[in-house]
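Reviewing the structure listed below.
Derivation of every value follows stated rules applied to the coordinates shown; laboratory data play no part. Because the structure is a prediction, the values reported are computed rather than measured. Using ideal geometry, Cβ is built from the backbone for each residue, glycine included, and neighbour counts are taken over all protein chains shown.
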């Protein structure tokens, strides 16, 4: 018995070392596989991705998109490729935090992330995203292709003002942000609670000092209610709790309006556009399926998104209206100044209410 126990004690370190060796070897093989196919441009590219993806059989997607949009995309992908899509949905900030925390803990569950550009840029800075290339890139707007190809914009989240058509008369609509200084807007305004990128983009376009003074004046004179979540804010416009909202996604308005809701949008220049995109994780456990899904999102998936009122980046399926005066959220620039604009957003819209 003693000899058996002694032998087991001697073997334990060797078994642990073997387990560690196998784990490291598997991780290296995984990275090698994704490196090998991420930029592969051979004539058999599609066949290789299809074969590898079907062998893997599943992929995990982290996304901040609406649940019904995700269901439509996942169903179409599964029907075409016979690959199961496991979806975990959360806000862009929560997704960013989860991916970083998982990677620091040596856990790699996600294959693909689909969320707002600033958060994808943050993941790229952490070196968690795999640069990829695809033949479909030729069909995308130039602005969709991020330098380094760590992530690719799949759609443009256009932030518009929205109003309840039963509570706000068309004749009273503002033509520019300064019109919101009028006392008739007192107690009627709302904004999404984490829209610091919107404030940074609008204020930069208007001139920082003048822009900040303008929004401080609006908040001080008329008050601006903060609500967490763009979908919630759009629904509060419909219910009448927030008659006029400054930052609602345009496609939310279109979808609600089609369903008969009393909501309409108005464009106040500059119209802020948030690039929303897709990134493949460098240590994706299902690399073939991940890259196949990225290709799908930038090709066939674009038609699905466009049919659901999204502004997509593939020129074959739509694009931004030519007559809009737009300003893009600069994902990398905003990351550099995130603390500044988060502080200013709080100063303008939260501190002014006290």
For the stretch 235-308, what's the radius of gyration and Dmax over Cα atoms, in angstrom?
-> 17.1, 47
Angle between the chain longest axis and helix 338-349 axis [Cα atoms, degrees, rounded to 10] | 30
How long are the three semi-axes of the equivalent ellipsoid of the stretch 312-354, in whole Å, if each is the root of 5 times an eigenvalue of the C-alpha gyration tensor, listed from largest down?
-> 32, 15, 8
Mind putting together the pair-distance distribution for the stretch 206-354? All Cα pairs, 5 Å bins, whole percent per bin, short to long.
-> 2, 7, 12, 16, 18, 17, 13, 8, 5, 2, 0, 0
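Given the rule -39500 (n - 2.57) for each run of at least 4 DSSP H residues, summed and divided by the residues of the chain, what is its mean residue ellipticity at 222 nm, to the nearest 500 deg cm²/dmol?
Working: 13 runs with 168 residues, N = 354.
That comes out to -15000 deg cm²/dmol.
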Compute from the Cα atoms of the stretch 268-354 the Rg and the Dmax, the latter being the longest Cα-Cα distance, and quote both in angstrom.
-> 17.7, 53
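At a temperature of 25 °C and a viscosity of 0.890 mPa s, determine how fast the stretch 136-292 diffuses translationally according to Stokes-Einstein, using the Kirkwood radius over alpha-carbon pairs as Rh; express D in µm²/s, rounded to the nearest whole number.
The Stokes-Einstein estimate is 142 µm²/s.
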Which one of 209, 45, 98 has the biggest mean-square fluctuation once the chain is modelled by GNM with Cα springs under 10 Å?
-> 209
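Could you state the orientation-averaged shadow area of the convex hull built on the Cα atoms of the stretch 212-259, in nm² to one decimal? Intermediate values should be presented prior to the final figure.
Numbers: hull surface 14.8 nm².
With every direction weighted equally, the projected area is 3.7 nm².
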Paramagnetic reach from residue 71 (point 7 Å along Cα→Cβ, amide N under 18 Å) across the stretch 280-318 | 304-310
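Suppose we look only past 20 Å in the calculated P(r) of the stretch 35-167. What percent of the Cα-Cα pairs does that tail hold?
Value for the stretch 35-167: 56 percent of Cα pairs lie more than 20 Å apart.
Once you have the Cα-Cα distance between residue 166 and residue 307, take 0.36 nm times their residue separation minus that, and quote the gain in nm to one decimal. Don't skip to the end; give the middle numbers.
Details: separation 141, 0.36 × 141 = 50.76 nm, distance 2.72 nm.
Between residue 166 and residue 307, full extension yields an extra 48.0 nm.
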How much length is gained if the chain between residue 300 and residue 226 is pulled fully straight, taking 0.36 nm per residue apart and subtracting their Cα-Cα distance, in nm to one decimal?
-> 23.0 nm
Specify the angular offset, from 0 to 90 degrees and rounded to the nearest 10, of the alpha carbon long axis of helix 208-222 from the longest principal axis of the alpha carbons in the chain.
-> 70
Any idea how far apart residue 79 and residue 40 come out in nm if each label point goes 7 Å out from Cα toward Cβ?
-> 2.8
Listed residues 88, 151, 198, most fluctuating in the chain (Gaussian network, C-alpha, under 10 Å) = 88
So, how do all the Cα-to-Cα distances of the chain break down into 20 Å bins, in percent, from 0 on up?
-> 28, 49, 18, 4, 0
With the 8 Å Cα cutoff and a minimum separation of six or more residues, the chain has a relative contact order in percent of 26
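For a Förster distance of 35 Å, can you work out the FRET efficiency between the beta-carbons of residue 208 and residue 109, rounded to the nearest 0.05? Spell out each step's value before the answer.
Values: r = 41 Å, r/R0 = 1.17.
Between residue 208 and residue 109 the formula returns 0.30.
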